[in-house]
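J.: First the structure, then my questions, so here it is.
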Amino acid sequence: MDNIIIAPSILSSDFSHLADEIKRLEDGNADWIHVDVMDGHFVPNLTIGAPVVKSLKKVSNIPLDVHLMISNPENYIKDFALAGSDIITFHFEAAKEKTEDIIKHIKSFNIKAGVSIKPKTKPDEIKPYINDIDLILIMTVEPGFGGQKFMSDCANKIIEIKSFAKKDLIIEVDGGINKETAKYCKELGANALVAGNYVFSYGDIKEAIKSLR
């Protein structure tokens, strides 16, 4: 796929030099910046909040792809939208019956709305909402930590999702992405890839991103 979106995750970056890391990603031809937001409750790790996203927006010339791995995401949509998120993705497992309302809330800020599913969540669970979202994020690791091993059976969900999704849906994959797993996901039909550890440990960010394409 020629038009693959590469969204490096800053979870694996040097947090003491975030502005410099953003510049490195832009110079490396990243399409989006993936921002992992964790609350220490929905997932065991704890990362950043809306104030950091606001700071990132000041130094980023490319879209901020904000992934909310948090409980009660409906309480934080406004904060992250006003902070400068270009895409806000929340977890279906953290929303359930609130999913439709949260999607509408995100879209009220004229930004893209995404829904993420964990490894054990079946694609048909999000089928009722598939035509209302801009992006589906398939987790191919358990969310919460970087550097985990890729779960190929989770990537296979792409095929099922494509069978009932609209053609312009962005199908993003996050977890254990490297040159080999990126190829596998693209062959299945993914058109966006999140990679953190692979990009930042490669040595040459531009070459790392190029290898994922």
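J.: In the set V115, V35, which member is touching a helix residue (DSSP H, G or I) at 6+ places or on another chain (Cβ under 8 Å), more than 14 Å from S9 (Cβ to Cβ) and either in contact (Cβ under 8 Å) with a residue 24 or more places away in the chain or part of a helix (DSSP H, G or I) (or both)?
T.: The match here is V115.
J.: Would you point out the residue of segment 5-16, among those that are touching a helix residue (DSSP H, G or I) at 6+ places or on another chain (Cβ under 9 Å) and either in a helix (DSSP H, G or I) or of a type in the set (S, T, N, Q) (or both), that is surrounded by the most Cβ atoms within 10 Å (Cβ to Cβ)?
T.: Looking at residues that are touching a helix residue (DSSP H, G or I) at 6+ places or on another chain (Cβ under 9 Å) and either in a helix (DSSP H, G or I) or of a type in the set (S, T, N, Q) (or both), I get S9.
J.: Residues in segment 127-142: is at least one over 21 Å from I88 (Cα atoms) and within 17 Å of the chain's Cα centre (by Cα)?
T.: Scanning segment 127-142, I find no residue that is over 21 Å from I88 (Cα atoms) and within 17 Å of the chain's Cα centre (by Cα), so the answer is no.
J.: Quick check on E100: is it farther than 27 Å from P51 by Cβ and out of contact with any strand residue (DSSP E or B) (no Cβ under 6 Å at 6 or more places or on another chain)?
T.: yes
J.: I've got another one for you. I'd like to know if segment 186-207 contains one or more residues that are modelled with pLDDT of 95 or more, acidic (D, E) and within 16 Å of the chain's Cα centre (by Cα).
T.: No, segment 186-207 contains no residue that is modelled with pLDDT of 95 or more, acidic (D, E) and within 16 Å of the chain's Cα centre (by Cα).
J.: Go through segment 198-210 and give me each residue that's part of a helix (DSSP H, G or I) and surrounded by fewer than 18 Cβ atoms within 10 Å (Cβ to Cβ).
T.: S201, K206, E207, K210
J.: If you don't mind, another one. Given the conditions (1) in contact with a Ser or Thr (Cβ under 7 Å, 6 or more places away or on another chain); (2) part of a loop (DSSP other than H, G, I, E, B), which single one is not true for L137?
T.: Going through (1) in contact with a Ser or Thr (Cβ under 7 Å, 6 or more places away or on another chain); (2) part of a loop (DSSP other than H, G, I, E, B) one by one, L137 breaks only (2).
J.: Report, by residue number, each residue of segment 118-161 that is of a type in the set (G, A, S) and in contact with a helix residue (DSSP H, G or I) (Cβ under 9 Å, 6 or more places away or on another chain).
T.: Once the filter is applied, which keeps residues that are of a type in the set (G, A, S) and in contact with a helix residue (DSSP H, G or I) (Cβ under 9 Å, 6 or more places away or on another chain), segment 118-161 yields G146, G147, S152, A155.
J.: For A113, indicate whether it is hydrophobic (A, V, I, L, M, F, W, C) and within 15 Å of E172 (Cβ to Cβ).
T.: Against the criterion (hydrophobic (A, V, I, L, M, F, W, C) and within 15 Å of E172 (Cβ to Cβ)), A113 qualifies.
J.: Still on this structure, I have one more. Tell me the helices (runs of 4 or more DSSP H) entirely within segment 141-196 that contain at least 3 residues that are surrounded by 17 or more Cβ atoms within 10 Å (Cβ to Cβ).
T.: Filter on segment 141-196 gives 157-164, 179-188.
The values are calculated or read from the model by the stated rules, or taken from the named source; none is laboratory data. These numbers were taken from a predicted model, which means no experiment stands behind them. In this analysis, Cβ positions are derived from the backbone assuming ideal geometry, glycine residues included, and neighbour counts consider all displayed protein chains.
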